[in-house]
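Take a look at the structure set out below.
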Amino acid sequence: MPRLSIKDFLQGPADAPILDVRAPQEYAQGHIPGAVSFPLFSDEERARIGTTYKQISQDRAVLLGLDMFGPKMSRMVQQAHKLAPGKQVRLHCWRGGMRSGAVQWLLELGGLQVQLLDKGYKDYRHFALAEFERPRQLLVLGGLTGSGKTDVLHALTQLQQPVLDLEGLASHKGSAFGSIGQPAQPTQEQFENDLAWQLAQLPDDAPVWVEDESRTIGSVHLPTQLFAQMQQAPLVLLEIPREVRVRKLAGEYGRQDAGALASSILRIRKRLGGLATKEALAAIAEDDMEKMVSLVLDYYDKTYTHSLGGRTFLRVPSTTCDPSENAELVFRAVQANFPAPQPAAQAR
């Protein structure tokens, strides 16, 4: 089979799984979204081969690799057939070298059709970085903590609006409490890989809604180019009364572990101040979630208001945190106040 460009590789048959033959540690650091770990060598084996290559010779390293590869051949073919009932797979290693070439030979010998990514995973990383460079039509949804911005984004998809959920990709809600109830965050590399993939699926001829975020979301950070575009994009500010936001957040955090809430309070104790920290911890112990939330909002409201700086924005007031109702409000506000944008393809 011919080697494919990254574009043709990613657009390959849906029933042809992507097999990543790099070592497990490489895969865990970052991989093509949806790819299956199908390692030719374990982490330890890869390290031994690398040491042999550096300290002895390439020929000895190749022979060592063949010794390790031989006993795995039958198992790898059987595993590939289970993963690909249609007998088609897409395959890559780091840069389209010996590892993917060896596995391609083996799987084709075992009766599978193999599409090989020409320059390997390295080519996907170039693709990802290029996606962040592309100019895009963005609509940024802002609002104070507890406004339900993420819920509104999801509701906008019901109005057939393209949406980019950054917090969903980051597995974090963006505050000191953002990790509570969330799965472990991806590595920075994997976050970028997933983000680039989502960006590539979005239309060029319609604006994309995204939540107003700081540069960092938990332990990951937004690519510089994308963040700069967000800062320049129209900002739609959803304004929800404080008491409504307090009730919403109290209901959400009341279902969470008290120890996790206390740990989150302690992470921002310097910014809250000693008295507010003490009162917030006491409120958690007394199961008074509204008081705890109110104390924390004093800090977050000031911080977000300050972050707006000199940015201009469209105010959209609402008396509720109902996501469907607020999605309709912000959608209508944008239609009334912003002219229909030109398709991005024309703008470029």
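The values are calculated or read from the model by the stated rules, or taken from the named source; none is laboratory data. None of the values given here were measured: they were computed from a predicted structure. Because the Cβ atoms are built from the backbone with ideal geometry, glycine has one as well, and the counts that use them run over all protein chains shown. Quick note on the areas: whole protein, heavy atoms, side chains included, nothing else; ligands and nucleic acids left out. Shrake-Rupley method; radii C 1.70, N 1.55, O 1.52, S 1.80 Å.
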| query | Pro39 versus (1) surrounded by 18 or more Cβ atoms within 10 Å (Cβ to Cβ); (2) outside any helix (DSSP H, G or I); (3) over 25 Å from the mean Cα position of the chain (by Cα); (4) not acidic (Asp, Glu): which is the lone unmet condition? | reply | (3)
| message | Among the listed residues Arg245, Arg267, Arg271, identify the single one that is charged (D, E, K, R), out of contact with any Asp or Glu (no Cβ under 8 Å at 6 or more places or on another chain) and open to solvent by less than 40 Å² (accessible area, probe 1.4 Å). | response | Arg245
| query | With Pro207, Pro186 as the choices, which residue is over 29 Å from Lys302 (Cα atoms), over 16 Å from the mean Cα position of the chain (by Cα) and open to solvent by less than 50 Å² (accessible area, probe 1.4 Å)? | reply | Pro207
| Is it the case that some residue within region 305-312 is under 29 Å from the mean Cα position of the chain (by Cα), modelled with pLDDT of 90 or more and either aromatic (Phe, Trp, Tyr) or surrounded by 14 or more Cβ atoms within 10 Å (Cβ to Cβ) (or both)? | no
| Within region 48-62, is even one residue touching a Lys or Arg at 6+ places or on another chain (Cβ under 9 Å), surrounded by fewer than 18 Cβ atoms within 10 Å (Cβ to Cβ) and either acidic (Asp, Glu) or closer than 24 Å to Leu107 by Cα (or both)? | no
| message | Quick check on region 193-201. Is at least one of its residues among the polar types (S, T, N, Q), out of contact with any Cys (no Cβ under 7 Å at 6 or more places or on another chain) and without any contact (Cβ under 8 Å) to a residue 60 or more places away in the chain? | response | yes
| query | Scanning for something among the polar types (S, T, N, Q), open to solvent by 90 Å² or more (accessible area, probe 1.4 Å) and within 22 Å of Pro186 (Cβ to Cβ), does region 17-26 turn up at least one residue? | reply | yes
